[in-house]
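Could you have a look at this structure, given as C-alpha cells, before my questions?
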Amino acid sequence: MIAGRGGYEIRVIPLEGAAKLDGDGRFTLAVDQKGTRASVTGRVAGAAAEGAFEVYFTKSVSSFDPITRSQKFDIASCSAKAPWTAARQAS
C-alpha cells in the first residue's frame with residue numbers, strides 16, 4: 001500500500017491468530033485499528049483455496065501552509081481489493 005503526499009509509505013499489516021474454517025471450509029481474518037481495516041476471506045476445498053484480500057487505509061498528514069502561516073491537515077486515503085488463489089503442491 002502507498003499513501004501520503006509527496007512520498008510513499010509502505011505498511012505491513014499483521015493479521016492476528018489462525019483462521020478457523022467453518023463447515024463449508026470458509027474463513028475470515030481481519031484487523032480494524034487506527035484508520036486501517038484489512039481482511040482476508042476465503043474458502044478451502046480439498047487441495048485448493050480461493051478468496052479475496054481487502055484493505056482500507058486513512059491517515060491524517062500535517063503540513064504548514066505558508067500563505068496562512070498555520071498548520072493544516074490533509075487526509076491520505078487508499079484502498080485495494082484483490083482475489084487470491086492457492087493450491088497444495090506435491091513434495
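The values are calculated or read from the model by the stated rules, or taken from the named source; none is laboratory data. Bear in mind the structure is a predicted one, so any value in this text is a computation, not a measurement. Because the Cβ atoms are built from the backbone with ideal geometry, glycine has one as well, and the counts that use them run over all protein chains shown. These area figures cover heavy atoms from the full protein model, side chains too; ligands, DNA and RNA do not enter into them. Shrake-Rupley method; radii C 1.70, N 1.55, O 1.52, S 1.80 Å.
Looking at segment 60-69 only, could you name the residues that are in a strand (DSSP E or B) and open to solvent by 50 Å² or more (accessible area, probe 1.4 Å)?
Across segment 60-69, the qualifying residues are Ser60, Ser62, Phe64.
Conditions first: (1) within 19 Å of the chain's Cα centre (by Cα); (2) of a type in the set (A, V, I, L, M); (3) open to solvent by 90 Å² or more (accessible area, probe 1.4 Å). Leu21 passes all but one, so which condition is the exception?
The one condition Leu21 does not meet is (1).
Collect the residues in segment 34-59 that are open to solvent by 80 Å² or more (accessible area, probe 1.4 Å) and either touching an Asp or Glu at 6+ places or on another chain (Cβ under 7 Å) or farther than 21 Å from Leu15 by Cβ (or both), keeping them in residue-number order.
Selection gives Arg43 alone.
Got at least one residue in segment 20-28 being small (Gly, Ala, Ser), modelled with pLDDT of 75 or more and assigned to a strand (DSSP E or B)?
Within segment 20-28, none of the residues are small (Gly, Ala, Ser), modelled with pLDDT of 75 or more and assigned to a strand (DSSP E or B).
Moving to a separate point now. Please list, ordered by first then second residue, the pairs with beta carbon atoms under 6 Å, 6 or more apart or interchain, first in segment 38-66 and among the basic types (Lys, Arg), second open to solvent by less than 50 Å² (accessible area, probe 1.4 Å) and in a strand (DSSP E or B).
If the second residue must be open to solvent by less than 50 Å² (accessible area, probe 1.4 Å) and in a strand (DSSP E or B), the pairs left are Lys59/Ala76.
Answer yes or no as to whether Phe27 is open to solvent by 50 Å² or more (accessible area, probe 1.4 Å) and among the hydrophobic types (A, V, I, L, M, F, W, C).
In short, no.
State all residues of segment 32-66 that are at pLDDT below 85 and aliphatic (A, V, I, L, M); if no residue qualifies, say none.
Val61
Right, next: In segment 76-91, how many residues are part of a strand (DSSP E or B) and either farther than 17 Å from Ala45 by Cβ or under 15 Å from the mean Cα position of the chain (by Cα) (or both)?
Total satisfying the criteria: 9.
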